[in-house]
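Novice: I'd like to ask you about the structure that follows.
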Amino acid sequence: MIQELTSRLKLNFPAQIIPRYSCFRRGSMFILVLGLLVGSLMPLGGASGSPGSGTGQDECKKNNGDEKNGNKTTKKSFPVLSLNYENVRLPFEISLWVLLASLMKLGFHLMPRLSSIVPESCLLIVVGLLVGGLIKLVGKAPPVLESNIFFFYLLPPIILDAGYFLPIRQFTENLGTILMFAVVGTLWNAFFVGGLLYGVCQLEGTNLAGVNLLSCLLFGSVISAVDPVAVLAVFEEIHINELLHILVFGESLLNDAVTVVLYHLFEEFTNAGTITVTDGFLGIVCFLVVSLGGIVVGAIYGILAAFTSRFTSHTRVIEPLFIFVYSYMAYLSAEVFHLSGIMALIACGAVMRPYVEANISHKSHTTIKYFLKMWSSVSDTLIFIFLGVSTVAGPHEWNWIFVVATLVFCLVARVLGVIGLTFVINKFRIVKLTSKDQFIIAYGGLRGAIAFSLVYLLNPKHFPMRNMFLTAIITVIFFTVFVQGMTIRPLVDLLAVKKKQETKRSINEEIHTQFLDHLLTGIEDICGHYGHHHWKDKLNRFNKKYVKKCLIAGERSKEPQLIAFYHKMEMKQAIELVESGGGSKLPSAMPSTVSMQNIQPKKPPQDRALPQLSKAREEEIRKILRTNLQRTRQRLRSYNRHTLIADPFEDGLDEILIKRKKMKELEKKMNNYLTVPAPPADSPSVARARLASDPQAWGLKSVTEIPTIKVELVSPQNPESVKVVDEFSKKGSQPKGSEEEGGLTMRVPSSEKQRKDKTPDEEPQPRFMRCLSDPGPAAEDEDEDEPFLP
Amino acid sequence: MGASQSGPVHMFQDLAYKTGFSIEQIKNLHNRFIYLTQAEDTLRREHLENVSDLALNPIRRQIIEAFFDKRNMGEKEKGCLQEIGFEEFVTVLSFFRPPKPHTADEEMKNIKKEKLRFLFNMHDTDNDGIITLDEYRRVVEELLSSYEIMGAETAKAITDAAMLEVASVTVGQMGPDEFYEGITFEQFMQILKDVEIETKMNIHFWNLDTRTVQCGK
């Protein structure tokens, strides 16, 4: 085997070492890996389990020289280096396949021109074909995509990824439409294709008479299901608008229940031989059981996962593990009862997500996200490669009429189904589906590996024409993935279909979305109409009152969505700013200099206390502040108005709240008089300094003080060292600037004027609290990229 | 109801023409109106406050006020009415009618503008055409009022952030001397242009719960 390996390597090497062109280098890397893979797979072949009987003996010889069976007679020299491949063959091969898949993925993205024309799935199938061809060339049988491996190892990550990140809002808004397409559409497709195929088989001259009605219907039901893997793979790249995406994708997920039921139904009937009306009725019941049962199983595991995550505050490291394991168990449990595993996974992910996200740490959240994406990506790649390999491997029986008929009927059925259903659905929808939308929905009905695996599972005894089915399915899959997958992108551009908008969710939109929800619920209540919003509101209230208390740890359970959103925004902003180098460039697109000082109520508050500052002094102060502010290169952006803790990754929200309360008490204790700079020595330490933001509040208190704020520097290393001397509150427009920055030392103006000219380094006293974004007024004198003063 | 049948029907037809509802919907709404007012002629605030489900709504006050706001009646004057008749009731509700299918783009824009105007009027309580910081803060506070925690502080923070965002988006650069007074209607339209109000701010009117209607007392 080694010789063959090396010979392969020798074969490959001369072909491509042309060092000048990097793509050749890359190509060589791939072919090298391919060669390695093929070489190592050769002993595997298509045969199952060749027990490496040679393993044991080598080991024995190495370790126990006094073995009974072993070497009594000769004393061999101690083997310094020995080869034992059989031991590690299985993991080795799996790793090689995964490595191959990942390298392929890497390669495609290094060639941008190719990946913009051809969708990834096509390329991967081609690679699979190549690998399969290579293996066959060597003379061994290439491995086929085992249904077990597919359903238990390759499919769950993709579905979990989809389910966990399912956009719930759009999904529930369009649920009726999605269900119509998934259930009615799939049924229509199945019977249409199955029935017509049976008709074709009955025709003379096709020598297909052996195919009975049930087999045709089974075949129809398998091939009519839109495949989530293929849809995801193609739709991800074309960035279509969210409505269409969720319609096609949701349909591909939910039709699993229909497929499962029809599959088992027809399989049973083929065994049984006769069908009665009762059986038909039982089939419908079975469908309800399968789908609802799957959802219930998923929801149970989801709640368990949410509940578990409530207690993980001390063992953050294994949080992601719980998510994955619970979801996988949901899938497997559903499969035990022949319920719809896909729906269980989706339900589990969707149910547990809001609660889990409130409980787990930020790092765990990132971990989960990236692990899911990684696994689903690898699975996806492997599936397509294996599809290619299986095409080369699988036993084929080509029958022109059957295959072509299948293809034609599938396309026709899909188009008719979509048009017919949309006609009915549009009567109930507010946002009607245009014909462009219908076209994309029909065109996006891709078939994929699930259909293939299901047919592969068929028992050849009951289904003698299984090979023909396989061939037909592979043809349809290839057609949909290649032709439809490749052309959908130019078609989308041609038809000017709305694309996905990449706008960031703004807080105004969030406020108004919530506002609208309540408004519509209110109007519905006034009209006495128990509609969509009414029930959603009831569900939300139930959720808030009972469920959240159980499943979310601590204070977060009472946090309203708006506040959670706001905090998330702040965090995101802070992280972005840290990542972008801490203030050299703004991540947001709007370099505006608007700050809180600009936002003034139209009428100043009426009950101002007498100003104790003379007008001139006030003017002076204002001017100083303004110039100071103008020197800072950066205004605090919307969500940064308050200085943030240096460590946004810390998830001690409880501490934040407590400290906030402390701040409020501190504020209340303030004396309201103008003083000479207050002694900065004793200051309570507060993690989050929240400066008075409210011109209104200032008006009510008769405060005219400019206290000193002495704040230690915030650095990422020691967030605890942030101190705030004095909270200040000043009426009128004066502190508007200062409150925004929060880090300036406010002293009586005369001394202020002098101080502002000195660099902060010369003054140990006024140290500035740094927001993550804010380099401080003196930063311009210093290095640009140094926002944190030592 | 004998001879007076033609009167209401005629009125219904007028209303249907003016507001875009169908006769059937207007009839249902009329039944509901009678139920709410308990067979009186005009609707007052107390009647609306009696709707039990509304009590749990955090912004019920603003919703109720919207029904009595003259600006929503298509009148130029500002101010509040004390009681409204059926016509005003239907006029306010017509803001929530889903647009008919095959509506032209121009008309969709108008519908969107009207709906946004309704929202704007709900926020702008002092009728000056601008949503100031206080008014906005009150909106946020009411939204959060159903939760017991945090109260004023976070509402302030969120409001400030929101206003800042509006100012940044609509006005852009502002010198430190300029003051931004509040959100005007144009700016309001601009920041909410992505929310697709014309499709979201609708309820279906064909399913009124008329089992609680009592005809005649």
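The values are calculated or read from the model by the stated rules, or taken from the named source; none is laboratory data. Just so we're clear, the structure is a prediction, and the values are computed from it rather than from any experiment. Cβ: placed from backbone, ideal geometry, glycine included. Neighbour counts: every protein chain shown.
Novice: When you look at A:ALA393, is it surrounded by fewer than 23 Cβ atoms within 10 Å (Cβ to Cβ), of a type in the set (A, V, I, L, M) and under 15 Å from the mean Cα position of the chain (by Cα), yes or no?
Specialist: So A:ALA393 does not fit the description; no.
Novice: Being closer than 18 Å to A:ALA449 by Cα and either of a type in the set (Ser, Thr, Tyr) or not in a helix (DSSP H, G or I) (or both), is that true of even one residue in the range A:125-141?
Specialist: No - not one qualifying residue is present in the range A:125-141.
Novice: Let me ask something else. Sort through A:LEU254, A:LEU244, A:LEU218 and tell me the only one that's touching an Asp or Glu at 6+ places or on another chain (Cβ under 7 Å), under 30 Å from A:VAL356 (Cα atoms) and among the aliphatic types (A, V, I, L, M).
Specialist: After applying the criteria, what remains is A:LEU244.
Novice: A follow-up question, please. So which of A:HIS518, A:HIS462 ends up being within 14 Å of chain B (Cβ to nearest Cβ) and of a type outside the set (D, E, K, R)?
Specialist: On inspection, the qualifying residue turns out to be A:HIS518.
Novice: Can you confirm whether B:GLU46 is modelled with pLDDT under 80, more than 24 Å from A:ILE511 (Cβ to Cβ) and exposed (fewer than 14 other Cβ atoms within 10 Å of the Cβ)?
Specialist: No.
Novice: Scan (1) over 30 Å from B:ASN50 (Cα atoms); (2) part of a helix (DSSP H, G or I); (3) small (Gly, Ala, Ser) for the single condition A:GLY522 breaks and write down its number.
Specialist: Unmet condition: (1).
Novice: Identify the single condition in (1) touching a residue at least 60 places away in the same chain (Cβ under 8 Å); (2) more than 22 Å from A:LEU339 (Cβ to Cβ); (3) surrounded by fewer than 18 Cβ atoms within 10 Å (Cβ to Cβ) that A:ARG310 does not satisfy, given that it satisfies every other one.
Specialist: (3)
Novice: Okay, moving on. Residue pairs, Cβ under 7 Å, 6 or more apart or interchain, first in the range A:528-546 and at positive phi, second surrounded by 15 or more Cβ atoms within 10 Å (Cβ to Cβ). List them.
Specialist: Note: pairs meeting the criteria are A:GLY528/B:ARG32; A:GLY528/B:LEU208; A:GLY528/B:ASP209.
Novice: Being closer than 30 Å to A:PRO156 by Cα and either surrounded by 16 or more Cβ atoms within 10 Å (Cβ to Cβ) or modelled with pLDDT of 90 or more (or both): is that true of A:VAL418 here?
Specialist: yes
Novice: Of all residues being surrounded by 12 or more Cβ atoms within 10 Å (Cβ to Cβ) and without any contact (Cβ under 8 Å) to a residue 12 or more places away in the chain in the range A:81-104, which is nearest to A:ALA230 (Cα to Cα)? Just the residue, please.
Specialist: Here the residue is A:ILE94.
Novice: Those residues that are away from chain A (no Cβ under 11 Å) and among the aromatic types (Phe, Trp, Tyr), I need them from the range B:63-72; list them, please.
Specialist: If the condition is that a residue be away from chain A (no Cβ under 11 Å) and among the aromatic types (Phe, Trp, Tyr), then B:PHE68 is the only one that fits.
Novice: Moving on to the next point. Taking A:GLU510 and the conditions (1) out of contact with any Phe, Trp or Tyr (no Cβ under 6 Å at 6 or more places or on another chain); (2) more than 7 Å from every other protein chain (Cβ to nearest Cβ); (3) assigned to a helix (DSSP H, G or I), which numbered condition does it fall short on, given that it satisfies the others?
Specialist: All conditions pass for A:GLU510, except number (1).
Novice: Right, something else. Which ones in the range B:109-127 are within 12 Å of the chain's Cα centre (by Cα) and over 14 Å from A:PHE515 (Cβ atoms)?
Specialist: Hits for the range B:109-127 are B:GLU114, B:ARG117.
Novice: Does A:PHE269 count as over 19 Å from the mean Cα position of the chain (by Cα) and surrounded by fewer than 16 Cβ atoms within 10 Å (Cβ to Cβ)?
Specialist: So A:PHE269 fails the test.
Novice: Here is a check on your reading of the model: is A:PHE324 assigned to a helix (DSSP H, G or I) and modelled with pLDDT under 90?
Specialist: no
Novice: Just to check your reading of the model, which residue among A:LEU495, A:LEU457, A:LEU470 is away from every other protein chain (no Cβ under 14 Å), under 25 Å from A:GLU236 (Cα atoms) and not small (Gly, Ala, Ser)?
Specialist: A:LEU495
Novice: Within the range B:120-127, can one find any residue that is outside any helix (DSSP H, G or I) and surrounded by fewer than 16 Cβ atoms within 10 Å (Cβ to Cβ)?
Specialist: Within the range B:120-127, one or more residues are outside any helix (DSSP H, G or I) and surrounded by fewer than 16 Cβ atoms within 10 Å (Cβ to Cβ).
Novice: Here's a check for you: in the range A:430-464, which residue that is in contact with a helix residue (DSSP H, G or I) (Cβ under 6 Å, 6 or more places away or on another chain) and among the polar types (S, T, N, Q) is surrounded by the most Cβ atoms within 10 Å (Cβ to Cβ)?
Specialist: Checking each candidate, the answer is A:SER453.
Novice: I'd like to verify a number: residues in the range B:90-110 that are within 12 Å of another protein chain (Cβ to nearest Cβ), part of a helix (DSSP H, G or I) and in contact (Cβ under 8 Å) with a residue 60 or more places away in the chain, how many?
Specialist: Qualifying residue count, the range B:90-110: 6.
Novice: The conditions are (1) assigned to a helix (DSSP H, G or I); (2) surrounded by fewer than 18 Cβ atoms within 10 Å (Cβ to Cβ), and A:GLY107 fails exactly one of them. Which is it?
Specialist: Status for A:GLY107: all satisfied but (2).
Novice: Restricting the range B:12-62 to residues that are part of a helix (DSSP H, G or I) and of a type in the set (Gly, Ala, Ser), which is farthest from the other protein chains (Cβ to nearest Cβ)?
Specialist: So the residue we want is B:ALA16.
Novice: Still on this structure, I have one more. Just name the residue that is nearest to B:ASP134 (Cα to Cα) out of those in the range B:175-190 that are modelled with pLDDT under 80 and not charged (D, E, K, R).
Specialist: Within the range B:175-190, the match that is nearest to B:ASP134 (Cα to Cα) is B:GLY182.
Novice: Within the range A:524-570, how many residues are at pLDDT below 75, within 30 Å of B:PHE67 (Cα to Cα) and charged (D, E, K, R)?
Specialist: Residues that pass the stated criteria total 0.
Novice: Applying the selection to the range A:215-266, what residues are assigned to a helix (DSSP H, G or I), closer than 19 Å to A:LEU470 by Cβ and under 32 Å from the mean Cα position of the chain (by Cα)?
Specialist: A:SER221, A:VAL222, A:ILE223, A:VAL229, A:ALA230, A:THR259, A:LEU262, A:TYR263 - these are the residues of the range A:215-266 that are assigned to a helix (DSSP H, G or I), closer than 19 Å to A:LEU470 by Cβ and under 32 Å from the mean Cα position of the chain (by Cα).
Novice: Does A:ILE523 satisfy being touching a residue at least 12 places away in the same chain (Cβ under 8 Å) and either within 30 Å of A:VAL403 (Cα to Cα) or buried (at least 21 other Cβ atoms within 10 Å of the Cβ) (or both)?
Specialist: No.
Novice: Taking the stated definitions as given, is A:ILE159 under 29 Å from the mean Cα position of the chain (by Cα), assigned to a helix (DSSP H, G or I) and surrounded by fewer than 22 Cβ atoms within 10 Å (Cβ to Cβ)?
Specialist: no
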